[in-house]
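S.K.: Quick one: the structure is below, questions incoming.
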């Protein structure tokens, strides 16, 4: 797609159209999300609730990959730390949910810094491996310190957000919209610009006078903060913090797939991907054990044929040739 | 006594790690692909081998053979259906091929794993040992099969070494891992080289899978774990360095065994992981990797 | 007209592993002057810039700016201090508009400022206008022509409003007209009282701009002074032209012999850059053809197109068959063998292994005899047989590269810049080898910027300049018609 | 601007689809029971199959007050997340009256709070952790909706101690043991009870080993154990099974394996281990061809006839639990109101396939747990002998004698009896 022939005015117009198209998609999505509780079964709301938290995970991941250019194989490291911190505080010291969530976010940020350190030294697969190992270590830690973490069983938290599906849905939706607004805003802000630059061309960006170390660490912390918060909320939604809900590699894989599926560097696409992934898994439950297989196949197909991702495709669908 | 025990016990498992990792690193070295469906391919070889041997009663040897073929076949499918598609895709920007290959093979791996779980359930299976009985080495009771495995691993690795260092095709392969452009300027077709390396990989993964099935047993649920361990070993040894992977394999294998014996079986994987992180920090290019 | 000294550099040195990239470089750069830094590829001029900018850490030496020694500072600090570098390869951000690129350069390095200050918007637009990007300000780089991308780099530099500007190869890949515009922009900086360090291999364009010039060769300073002095300097001329141009007229290949290789209307686009523009040339059986031109002129691109390494429009016929679209391997096996500028050796393999790979398509017997012949051609390789290629000296590596291509028994051997970054001694040996090649039946297509090396062996010469063939003829006539204007 | 990208449309289209089928409320609509289990796992599959059989049997006999029982199965891939989602779906979407779910304590424990929150009777037919009934005991009014349909770890351990005494200590004069358990929710109380009841049964515990459930290489563990020279290894394994058994056999560890090995209770275990399980003893619910009650054999035969293999331990209990729920509904006068149902379930006294089943009361230690003891449910001990599961305990049900493979060293041969 090239605009060589087009006059700059039409190019500007196209840019505006693109923008409006994105707004349009969001509008549709938000309105739909807001009206769902009116006519959708409590069960489906439950599914979407989980999906929205995954959406936040995926967005945070996309901030790191899409903007800072860091391939993080271990999103569940950040998620898990936040989730477990919150869960432990709640079940051991009976702190109130809001406090626990805050604490979860805080702890996750610490984790984010831990992860940022290697990121500044290592590239590509090497950094990827470190993130992977981080998760494995966390997994083992949880099992070893079973006394505190409940080990393989996981721990049941005394408090939950609510037992009413609709309330849970609203909380999740609120969390999602707020995170989306902030993360998307951030990505379009000057910070996002600097971040993208340092991701795409570190040397050039430094030569323009930007301390990319500072900005990358900031990116990791932001990503961690949101992962941690969502992780904690998920725990208080599920009522349990267990390895296979918030730490397992499989969860991380789901997050990554969701983000890539929805469209890299779109932040909002990640949400789309997450909803699609989890809803699909749920809808295909009648397939019994094969549902995961089919979902993976669909995701693979999307990656092969629409590498732009769902949102990317939606935004450029018109312009192709 | 205990030392000898550890030496013997660690050797078989390390050799197996090594065999599994070599193919993985070879592909990366030659075509720059990290194949995250690696574990899945091993599992398929193991399960198909087991099914042929036990379910359909064709006996261990035929079973093993069929298993290896299955591994080879699946490796080629992986290459043509997933990897090639991504590498040749116009829509995927070159600088992002890597992450796409990673995600793609990851998904493919999940598909394989789920498919296997559907066909064979996720119960671990074990193939009947190729040779039964135990041998007593200075008072250490060692299953004959374990010895056979160690030997087979080294035979295969030896054959690979001969192939790479003594045959034209092998030399070309080696050259491709250093400088594909230079090789194509000498009249070699890279596509053929890549095909060759995937064939080799398939065989190696297949053999490793089958041997694993006769040794520790395999379940479809192991796929992820197998990939992870191969990945770590390969990075530790230096991406693309065959000898590096072998060294790393023994390092990890023995570290795990020693931990299991001297500290506690539960902590088995941890020291290896820590070592890995440290190694990657201190020497990002791996033990024998070149920058 | 030049003002106070801005940059005082002394004893700057940098080595990469074994290779000495920069050795004891020192010079002053004053406000309101343009200092040209010239030298052939691999002479270390770009490294000098990177060292100043802090992209690479100098091993030793001082870089004094505004009274402080900034050597070894992180790049962003140096940039904030008031230096700026215009990179040779513009790597624009794919997803940002031109305007956003300029804005980026205007932003403060702060984590808390989320929205750009209002004035930045129009600042950016004015700057865009100044470099002539006003009406494409809202486009994405992928939709812009190459020259515009270079302008974008300059725009970013202006936005940083630096006291010292380091400009790396601004003219590479530009048309003559564009070179004019750029020269004006750069003069503009000087007139604003900025100190400008201009690196370029195209001596011509530097000469037109620079107040003073410094010539580097193999990491060392070989001459400094007014541009004319430097141009007359013996070493410089030898480095570039290999001293006096002498050539023996001898066209033993009759014009009616069939063409082995015909190139017609061959054009190549790198993204937006027109690397080759309807190039045509003919190589007859048994001829030795030299294509001379400075780097960036398009020689390598032409050869890569012939070898099928880059897509192109137009026709390349070898022995009458159009080979456009054949795989690289197929073309090489067909008999068109390129010995690339970058040598592309198998560095972790022995010399012998490298050669064997070259001869793999030959029957063993033929391989052995051919190997012998080559060892006579390059005796040093015989001794080095078992050494790893990476342990060889530059000259030896070049010989190995040539020998390896020769192992394929090519019908047409393409040699791209064999003299690149080689010491004169080595050149002698290579030159002898070329002579012996000439005496064989083999057809050679040689690409060179070093005219002295290129001419003596050549039957015919083409001059390639900014992607176009600008002159063709016998080497004898070259001295007369091109010799002076060439640099 | 023409624009309906399928991608965006799909999830919401899907939403419509789901919302569309809300079940029509008919007078004689069937009683729905949700059953959650992993289809890829033999135990999980057996659990759901058995429940479906139970439903069919009940319906064949006219159902519950004329209403048919409908079993809806869900695959949870043995993941707590999936299980909770499945549970929510069962309650909110499919409107079941009770849920039978999972043989894995981790999963059951994740579901338990939801059964409390959503006031949905939930019975686990296979999980063993004591905490399940402990929660009910500690906060009855909140957790009372959960029932424990299988012996909890403490009782499993007890039953193992009991049979060890009768078939190992007695005939073979074994005096020492090493406890080897996987590190999981259900084994913590199991081991605790082992440590106190094995000695009273006459087995001195020389060592107590807990290993990571994803252990694949058991050689170090066996060597560690061998160094202690115990007469028997008492196991507590369920996540693992094939690998320790096969390696025990391949390495010819000269010490008998007894205790609880859940995978060894399945009929396919012989094939999975290529016969390496020869001589392994494990506790289980019931065994083929042995009539614990009048319904045991008929059920086993019918099951084997219908599905080709014999039920896993949780197959038996899940079959019984469906019946128990049906009876409870009857007792509650056809009402499916959760609280009424719970009260009715508490009065359960059902002679099922594994014995006489009753639940402990509010004030007992294991509230809503299955009562253990002679005349109630004790479980049985089986030993694999050339391809068959022979029942070796309790004596009155036994159809085989304990023998061990040649490589096993015994303190003394079975005293002639």
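Each value in this text was obtained by applying a stated rule to the coordinates, not by laboratory testing. Since the structure is predicted, the reported quantities are computational estimates derived from the model, not experimental observations. Quick reminder, even Gly has a Cβ in these numbers, built from the backbone with ideal geometry, and neighbours come from all protein chains shown.
S.K.: Mind listing P(r) for the range A:41-316? All alpha-carbon pairs, 5 Å bins, whole percents.
M.R.: 1, 6, 13, 17, 19, 17, 13, 8, 4, 1, 0, 0
S.K.: Summing -39500 (n - 2.57) over the DSSP H runs of n ≥ 4 in chain C and dividing by its residue number, what mean residue ellipticity at 222 nm do you reach, to the nearest 500 deg cm²/dmol?
M.R.: Roughly -10500 deg cm²/dmol at 222 nm, from the helical runs in chain C.
S.K.: Here is a further query. Among B:41, A:251, which comes first, then next, by fewest other beta-carbon atoms within 10 Å?
M.R.: Arranged by neighbour count, lowest to highest, B:41, A:251 become A:251, B:41.
S.K.: Could you work out the relative contact order of chain A, using alpha carbon pairs under 8 angstrom and six or more residues apart, expressed as a whole percent?
M.R.: Dividing the mean separation by the residue count of chain A yields 31 percent.
S.K.: Based on other C-beta atoms within 10 Å, arrange C:459, C:211, D:250 from fewest to most.
M.R.: C:211, C:459, D:250
S.K.: Now a separate question. Please state the relative contact order of chain D as a whole percent: Cα pairs under 8 Å, 6+ residues apart?
M.R.: Across chain D, relative contact order equals 17 percent.
S.K.: Each label point is 7 Å from the Cα along the Cα-to-Cβ direction; what then is the distance between the points at residue C:77 and residue C:474, in nm?
M.R.: Each label point is offset 7 Å from its Cα along the Cβ direction, giving 6.5 nm.
S.K.: In nm, to one decimal, how far is the modelled label at residue B:155 from the one at residue C:267, with both set 7 Å along Cα→Cβ?
M.R.: Each label point lies 7 Å from its Cα, and together they span 6.3 nm.
S.K.: Another question, then. Measuring from a point 7 Å past the Cα of residue D:29 along Cα-to-C-beta, which residues in the range D:88-128 have an amide N at less than 16 Å?
M.R.: Correct set: D:89-98.
S.K.: Have a look at A:116, A:86, A:27 and tell me which one the Gaussian network model of chain A (Cα, springs below 10 Å) gives the largest fluctuation.
M.R.: Among A:116, A:86, A:27, the largest mean-square fluctuation in the Gaussian network model of chain A belongs to A:27.
S.K.: If I fit a long axis through the Cα atoms of helix A:42-62 and take the longest principal axis of the Cα atoms of chain A, what angle between them do I get, 0 to 90°, rounded to 10?
M.R.: Here the helix axis deviates by roughly 60 degrees.
S.K.: Could you compute the FRET efficiency for residue D:307 and residue D:61, with r as their C-beta to C-beta distance and R0 at 22 Å, rounded to 0.05?
M.R.: 0.55
S.K.: Calculate how steeply helix A:291-305 sits against the longest principal axis of the alpha-carbon atoms of chain A, using the helix alpha-carbon long axis, and give the answer as 0 to 90 degrees to the nearest 10.
M.R.: Taking the Cα atoms of chain A, the angle to A:291-305 is about 20 degrees.
S.K.: Using DSSP, restrict attention to beta bridges with both residues in the protein assembly as shown and report what percent are antiparallel, rounded to the nearest 5.
M.R.: Here the share of antiparallel DSSP bridges comes out near 50 percent.
S.K.: Continuing with the same structure: Using alpha-carbon pairs under 8 Å, 6+ residues apart, how would you state the relative contact order of chain C in percent?
M.R.: 16
S.K.: Mind pulling the per residue volume of the convex hull built on the Cα atoms of the protein assembly as shown? Å³ is fine.
M.R.: Once divided by residue count, the hull of the protein assembly as shown is 185 Å³.
S.K.: On to the next question. So what is the calculated 222 nm ellipticity per residue for chain A, using -39500 (n - 2.57) for each DSSP H run with n of 4 or more, over all residues, to the nearest 500 deg cm²/dmol?
M.R.: Roughly -25500 deg cm²/dmol at 222 nm, from the helical runs in chain A.
S.K.: Same structure again: For the range C:1-88, would you read off the P(r) tail past 22 Å as a percentage of all alpha carbon pairs?
M.R.: Above the 22 Å cut-off, the range C:1-88 has 22 percent of its Cα pairs.
S.K.: Compute the distance in nm between two label points, each set 7 Å from the Cα along the Cα-to-Cβ direction, one at residue C:24 and one at residue B:81.
M.R.: 6.6
S.K.: To test your reading of the geometry: what angle, between 0 and 90 degrees and rounded to tens, separates the Cα axis of helix C:364-377 from the longest principal axis of chain C?
M.R.: So the inclination is approximately 60 degrees.
S.K.: Next question, about the same structure. Using bins 5 angstrom wide from zero, how does P(r) for the range A:39-79 break down, in % of all Cα pairs?
M.R.: The distribution over the range A:39-79 is 6, 21, 23, 17, 12, 9, 7, 4, 0, given as percents.
S.K.: Using every alpha carbon pair in the range A:213-264, what percent of pairs falls into each 5 Å bin from 0 up to the bin containing the largest distance?
M.R.: Result, from short to long distances: 4, 17, 17, 26, 21, 11, 4, 1 percent.
S.K.: Which value in deg cm²/dmol, rounded to the nearest 500, describes the helix-derived mean residue ellipticity at 222 nm for chain D, given -39,500 (n - 2.57) per DSSP H run of n ≥ 4 and division by the residue count?
M.R.: Rounded to the nearest 500, the figure is -11500 deg cm²/dmol.
S.K.: Using R₀ = 41 Å, calculate the FRET efficiency as 1/(1 + (r/R₀)^6) where r is the Cβ-Cβ separation of residue C:95 and residue C:350; round to 0.05.
M.R.: Step by step, r from the Cβ atoms, then E = 0.30.
S.K.: How much of the DSSP beta bridge set in the range C:259-481 is antiparallel, as a percent to the nearest 5?
M.R.: 55
S.K.: Still on this structure, I have one more. Mind sorting B:229, A:242, B:220, A:91 by how few other Cβ atoms lie within 10 Å of their own Cβ, fewest first?
M.R.: By the 10 Å Cβ count, ascending, the order reads A:91, B:229, B:220, A:242.
S.K.: Right, something else. Could you give the distance between the Cα centres of the range C:70-132 and the range B:95-166, to the whole Å?
M.R.: The two parts, judged by their Cα centres, are 53 Å apart.
S.K.: Where the centre of each part is set by its Cα atoms, how far does the range D:143-181 sit from the range B:1-69, in angstrom?
M.R.: First find each Cα centre; the distance between them is then 38 Å.
S.K.: Here's a follow-up. For the range D:187-248 and the range A:83-161, what is the separation of their C-alpha centers, rounded to whole Å?
M.R.: 31
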